[in-house]
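*Asks:* My structure is below; once you've seen it, I'll send some questions.
What follows is calculated from the coordinates using simple rules that are stated; it is not laboratory data. Remember, it's a predicted structure, so these values are computed and weren't measured experimentally. Virtual Cβ from ideal backbone geometry, glycine too; neighbours counted across all protein chains shown.
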Amino acid sequence: MTDHFDALETRDPELREAQQMEALRRQLRHARQAAPAYGALLAEVEPAAITSRAALARLPVLRKHELQERQRALGATDPFGGFAAIVRGPAMGRIFASPGPIYEPEGRARDYWRTARAMFAAGFRAGELVHNAFSYHMTPGAFIMEAGAHALGCTVFPAGVGQTEQQLQAIAELRPSAYAGTPSFLRILLEKAQEAGSDVASLRKALTGGEALPPSLREWFAQRGLDVYQSYATADLGLIAYETSSREGLVVDEGVVLEIVRPGTGDPVAPGEVGEVVVTSLNPDYPLIRFGTGDLSALLPGPCPTGRTGPRIRGWLGRADQTTKIRGMFVHPGQVADIARRFPQVLRARLVVSGEMASDAMTLKVEAVDPPPGLALRIGEVIRDVTKLRGDVELVAPGTLPNDGKVIEDARSYR
C-alpha cells in the first residue's frame, strides 16, 4: 500500500512547516479568545511572534497533573478547567472520563479524533466491517476508532472488551475483515478461537493502540494471517502518529505539531535524541498548546519510504516521569535539567541512583566539553543547593551517556 489518505501527507516539508506555523498562530489567537485558561496562560504571548519552533519552545508546557488540578478547581462550573473552546449543547457531542479522572470533550466535527488517516494507512477501506474491541465505557478509546472508521465509510461492530465467547460468535457470523483494539486482546481472541474451534479467518488486518506492539507479537499475528499496525493516540489529543506499510517508525499526524523535549523541561532535544513527546493540537474545539504526554520517543531522520513526507518518531519508548525518592527526598528530572543549565560546558546529564534501600548513593554523570578545572566540584555544590542532597559528579566525554531518554536512572537493589 503506497497510496495516501490525502494530499497533506505528501506536502513539501518546507510548505508543511510554513502552513503549520500559520495554523499554530491562528490556534493561539483562537485559544486566547475562546478558552479561558489560555486567556490567562497566554496573556503575555503575541501569536504573531510565534513564527518558528524555537519561538514555540518558549511557551510553557502543560502537564497532565496541571490539567487535572485546573479541572478540579473549576469542576463546579467548568469540568474542562477552562481549556475547552466549546460548551455543552449542539457543539459538544460527548464528554469522556479518563483515569484521574480527567474529562475530555468531543466536538461534532467529522472524524473528530483524526483516526481515519491511521486506518487508511493500515489498509482499512470503505465498505468493510470493523470489529472494534476498545472500551465503550466512559473513556473515548472506542469512539476514537469508531469515528475514523465511519469517516472512511466502514461499518463498525461495537464489541468493546470482555465477553470473549460472544465476540468470537459475532466474528464467525458477521465476518469482519478488520480489528481495532489492543494487541493483547486480539491475541486473546485468536487463542480462544483456536481452543474453541471458532472461525475468525475473516480477520485480515488490525489497527492497535493503547499498548506496545513488540516485533515478536507482530510476527505471531502475521503467522496467523493478520497484518497488524500500530497507532499512537491519547484521549486528550486524538491521533498523534501512525504506522505505515514501511514499518519504519510512526508518521506524525497532520493535525498536530510535535516536539521532543528533555524530560522535566520544555527544552527541545537534538534530532534523534530520546525525550518526552510534547504535542500542540490544532483542534479548535480543544486547543491544547504544548501538552506534555509523559511518553518518550525520538525523531527519525528522513521521510517515510511510502512517500509520506511528514516527520516520523520511533514509537513509544517508555515514560518520561522519572521522579525518584532518594534518602527521603523526591528528585525529579526538572531539577537535573536545572543543574545542567547552570554550566555552559554541560551537554547532557544523567543522575544514577545506586546502593540499597536506606543507603542510597547518587552520582551525576555529566557530558562536558573542555571542562575547566574544578567543574565537578562546582556542580556538586549546585546539586546540594537544588536537591538538598549530596551527590558525586562524574565527568564523561560527549556521546557517552545512553540515548534512552533517562534523566534519572534508579539502579538500586531492592532485595
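*Asks:* Of (1) 0.97; (2) 1.00; (3) 1.17, which one was derived for Rg/Rh (Cα atoms, Kirkwood Rh) from the structure shown?
*Replies:* So the structure-derived entry is (2).
*Asks:* Still on this model: Please work out the FRET efficiency for the pair Asp392 and Leu59, using the Cβ-Cβ distance as r and a Förster radius of 25 Å; give the result to the nearest 0.05.
*Replies:* Efficiency at R0 = 25 Å is approximately 0.10.
*Asks:* When the convex hull of the C-alpha atoms of region 337-395 is computed, what volume per residue in Å³ does it have?
*Replies:* Measuring per residue, one finds 72 Å³ for the Cα hull of region 337-395.
*Asks:* A further question on this structure: Treat each spin label as a single point 7 Å out from the Cα along the C-beta direction, and report the Ser354 to Glu173 distance in nm.
*Replies:* The two pseudo-label positions are separated by 6.3 nm.
*Asks:* Contour minus end-to-end for Glu248 and Ala7, with contour as 0.36 nm per residue of separation and end-to-end as the Cα-Cα distance?
*Replies:* The span from Glu248 to Ala7 would gain 84.7 nm if fully extended.
*Asks:* Any chance you could run the full-extension gain for Gln33 through Thr155? It's 0.36 nm times the residue separation minus the Cα-Cα distance, nm to one decimal. Before the final figure, lay out the partial values.
*Replies:* Numbers: separation 122, 0.36 × 122 = 43.92 nm, distance 3.82 nm.
Fully extending the segment from Gln33 to Thr155 adds 40.1 nm.
*Asks:* Further question: Out of residues 5 or more away from Asp295 or on other chains, whose amide H comes under 5 Å of its own, with H placed 1.01 Å from N in the peptide plane?
*Replies:* Correct list: Val277, Ala320.
*Asks:* How many angstrom lie between the C-alpha centres of region 332-371 and region 51-128?
*Replies:* Spelled out, the Cα-based centre of one part sits 35 Å from the other.
*Asks:* Say each of Met138 and Ala126 gets a label point 7 Å from the Cα, pointing the same way as Cα to Cβ; how far apart are those two points in nm?
*Replies:* In this crude spin-label approximation the distance works out to 3.9 nm.
*Asks:* Using Cα atoms only, what is the angle between the long axis of helix 13-34 and the major principal axis of the chain, expressed in degrees (0 to 90) to the nearest 10?
*Replies:* In the chain, helix 13-34 runs at an angle near 90 degrees to the longest axis.
*Asks:* How many Lys pairs in the chain lie less than 27 angstrom apart by Cα atoms, where the lysines are 8 or more positions apart or on different chains?
*Replies:* The result is 10.
*Asks:* DSSP loop trypsin sites (Lys or Arg not before Pro) in region 196-280 with at most 10 other Cβ atoms within 10 Å of their Cβ, which ones?
*Replies:* Answer by residue number: there is no such site.
*Asks:* Pick out which of Asp12, Asp285, Asp267 has the largest mean-square fluctuation in a Gaussian network model of the chain, springs linking Cα atoms closer than 10 Å.
*Replies:* Asp12
*Asks:* While we're on this one: Taking 0.36 nm per residue of separation and subtracting the Cα-Cα distance, what length does fully extending Leu74 through Gln166 add? It would help to have the intermediate numbers written out before the result.
*Replies:* Details: separation 92, 0.36 × 92 = 33.12 nm, distance 4.21 nm.
Fully extending the segment from Leu74 to Gln166 adds 28.9 nm.
*Asks:* Counting DSSP beta bridges in the chain, what percent are antiparallel, to the nearest 5? List each step's numbers first, then the result.
*Replies:* Details: 43 of 68 bridges.
Of those bridges, close to 65 percent are antiparallel.
*Asks:* In degrees between 0 and 90, to the nearest 10, how far off the longest principal axis of the chain does helix 141-152 point, with axes built from Cα atoms?
*Replies:* Compared with the principal axis, the helix lies near 60 degrees.
*Asks:* Sequence gap at least 6, Cα distance under 8 Å: using those rules, report the relative contact order of region 198-238 to the nearest whole percent.
*Replies:* On the way: 31 pairs, mean separation 20.1, N = 41.
Value for region 198-238: 49 percent.
*Asks:* Also, quick follow-up: Over the chain, what relative contact order in percent results from Cα pairs under 8 Å that are six or more residues apart?
*Replies:* Computed value for the chain: 13 percent relative contact order.
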